[in-house]
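Here is the structure we will look at.
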Amino acid sequence: MKKVKFLMVVMALFIMWPAMAQETYKEVEPNDETLVYPGGNAHEVKFYPNKWKGKKPKNIILMIGDGMGVSQVFAGITANHGQLFLGNFKHIGFSQTSSSSHYITDSAAGGTALSTGVRTYNGAIGVGPDKQHLTTILEEAEKKGLATGLVSTSAITHATPASFIAHQAARSSYEAIAADFLNTDIDVFIGGGYKHFTDREDGRNLVTDLEANGYKVLQNITEIAAVSSGKLAGLTAAEHNGRIEERGDMLPVATKTALNILKTNKKGFFIMIEGSQIDWAGHAKNTTYAVEDMLDFDKAIGEALKFAVNDGQTLVIVTADHETGGMALAGGDFEKGMVKGAFTSTDHTAVMVPIFAWGPGAEQFMGIMKNIDIHKKMRDMLISK
């Protein structure tokens, strides 16, 4: 009997291994050396007048700092010597992030709430509590003739980006999520996850299918950055992109590239851009990691804001799916850029997360609201107009 139970456990682990491999960032052991960010070079921040055209946007850029709470934001402000591009955003609110199944959401349910306007169970990708397909705002934008895009520093098949384009009962169904990309007409997506398109149990090579559907499929960020039109699949890592020292400026470059492609559609566009690894830093209780990725995310925000300022018809929304780590700030120095962090958890928390908005309709995102309200407001302005 014991032998049978042992074999069952081994088989279960074998089946779960692909999902476990995708979640190794949750297994990092925190240590005291990671609790202090000593300071570093600050990136230049520009400030723009809050002026735009009209009351409703032609384009929406939704930016999700996965795991980003107010402590992560202020850690970034401190580390960058007092200023972030987020300082341009004068319309600010808070989002309640619970899922239908849990007081504390995961990224799958949190992303699905933002993408569909429906709260669902933890682990759900684009499906409701009954596991039936929900239509995402990206899919609705496509049907309306708008251009669409996704950018992420994680695998593009990971929970947050997946929840805008895929429909799966479990977030760990990475190969099925990759196949769901072929059921859409998304214009550009940039992130990791190359192996989920090529090294598959069903033997399919989805890269070949993507190319047959007119996509340029590229893996090098320099080559990706050179693309300014057409359909683009940028698969920048086998699974997740590495930390900042490995991936460099992948996120701000990918943001700028995607926006340059999407702007060619005269009807407008919708794009979701994720700074994934702020969350991973919280899981690891790593202040340096959190600061590095918060600053990287802010640089991407800077690219989005620059586009919106020049365009005048673009709404930029910056928020989070949840907070991770219960991060607090135990010390800091604006002059040095030093931040000392403290954490209460190695997992997500239930605290409200900030919402920042800039552009036509920004005033709609002030106050306390549920995560599903963000979707409803975006939909009213972009799809129902």
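The values are calculated or read from the model by the stated rules, or taken from the named source; none is laboratory data. What you see is a predicted model; the values in this text were computed from it and never measured. Reconstructed Cβ throughout: ideal geometry from the backbone, glycine too, with neighbour counts over all protein chains shown.
Taken over region 126-153, the criterion of being among the hydrophobic types (A, V, I, L, M, F, W, C) and not in a helix (DSSP H, G or I) is satisfied by VAL127, LEU134, LEU146, ALA147, LEU150, VAL151.
Close Cβ contacts (under 6 Å, 6 or more residues apart or on different chains) running from residues in region 343-369 that are within 12 Å of THR97 (Cβ to Cβ) to residues that are charged (D, E, K, R) comprise THR349/GLU323; VAL351/GLU323; VAL353/GLU323. Evaluate the following for ASP202: is it within 18 Å of THR264 (Cβ to Cβ), modelled with pLDDT of 95 or more and among the charged types (D, E, K, R)? Here the answer is no, as ASP202 does not meet what is asked. Say we look at region 312-324 and pick out the residues that are within 19 Å of ASP296 (Cα to Cα) and part of a loop (DSSP other than H, G, I, E, B); which of these is farthest from the chain's Cα centre (by Cα)? My answer is HIS322. Scanning region 115-125 for residues that are closer than 21 Å to PHE181 by Cβ and out of contact with any Leu (no Cβ under 6 Å at 6 or more places or on another chain) returns SER115, THR120, GLY123, ALA124, ILE125. Screening the candidates SER71, SER107, SER101 for the property of being at pLDDT 95 or above, touching a His at 6+ places or on another chain (Cβ under 9 Å) and among the polar types (S, T, N, Q) yields one hit, SER107. Among the residues of region 154-182, the ones that are assigned to a helix (DSSP H, G or I), under 24 Å from LEU251 (Cβ atoms), touching a strand residue (DSSP E or B) at 6+ places or on another chain (Cβ under 8 Å) and of a type outside the set (Val, Ile, Thr) come to 6 in all.
Could you tell me how many of the residues in region 100-125 are assigned to a loop (DSSP other than H, G, I, E, B) and touching a residue at least 24 places away in the same chain (Cβ under 8 Å)? Walk me through it before giving the result.
If we filter region 100-125 for residues that are assigned to a loop (DSSP other than H, G, I, E, B), which is where we start, we get 100-106, 117-124.
From what's left, touching a residue at least 24 places away in the same chain (Cβ under 8 Å): 100-101, 103-106, 117-119, 123-124.
Looking only at that region, the number is 11.
When THR264, THR236 are screened for being at pLDDT 95 or above and surrounded by 24 or more Cβ atoms within 10 Å (Cβ to Cβ), only THR236 passes.
Of all residues in region 275-325, those that are in contact with a strand residue (DSSP E or B) (Cβ under 7 Å, 6 or more places away or on another chain), of a type in the set (S, T, N, Q) and either closer than 27 Å to LYS376 by Cβ or surrounded by fewer than 24 Cβ atoms within 10 Å (Cβ to Cβ) (or both) total 6. Among the residues of region 267-293, the ones that are of a type in the set (A, V, I, L, M) and farther than 27 Å from LYS51 by Cβ come to 5 in all.
Of everything listed in (1) over 26 Å from LEU114 (Cβ atoms); (2) surrounded by 15 or more Cβ atoms within 10 Å (Cβ to Cβ); (3) touching a Lys or Arg at 6+ places or on another chain (Cβ under 9 Å), the single unmet condition for VAL207 is (3).
Yes or no, residue by residue, for (1) within 20 Å of the chain's Cα centre (by Cα); (2) surrounded by fewer than 16 Cβ atoms within 10 Å (Cβ to Cβ); (3) without any contact (Cβ under 8 Å) to a residue 40 or more places away in the chain:
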site	(1), (2), (3)
ALA166	yes, no, no
ALA170	yes, yes, no
TYR174	yes, no, no
ALA178	yes, no, yes
THR184	yes, no, no
GLY193	yes, no, no
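Looking at this structure, is ALA233 in contact with a strand residue (DSSP E or B) (Cβ under 6 Å, 6 or more places away or on another chain), closer than 18 Å to MET272 by Cα and of a type in the set (A, V, I, L, M, F, W, C)? Yes: the conditions hold for ALA233. Candidates in region 35-89 are the residues that are assigned to a loop (DSSP other than H, G, I, E, B) and aliphatic (A, V, I, L, M); of these, the one that is nearest to GLU335 (Cα to Cα) is ALA42. Of the residues making up region 39-84, those that are hydrophobic (A, V, I, L, M, F, W, C), buried (at least 18 other Cβ atoms within 10 Å of the Cβ) and touching a strand residue (DSSP E or B) at 6+ places or on another chain (Cβ under 9 Å) are TRP52, ILE60, ILE61, LEU62, MET63, ILE64, MET68, VAL73, ALA75, ALA79.
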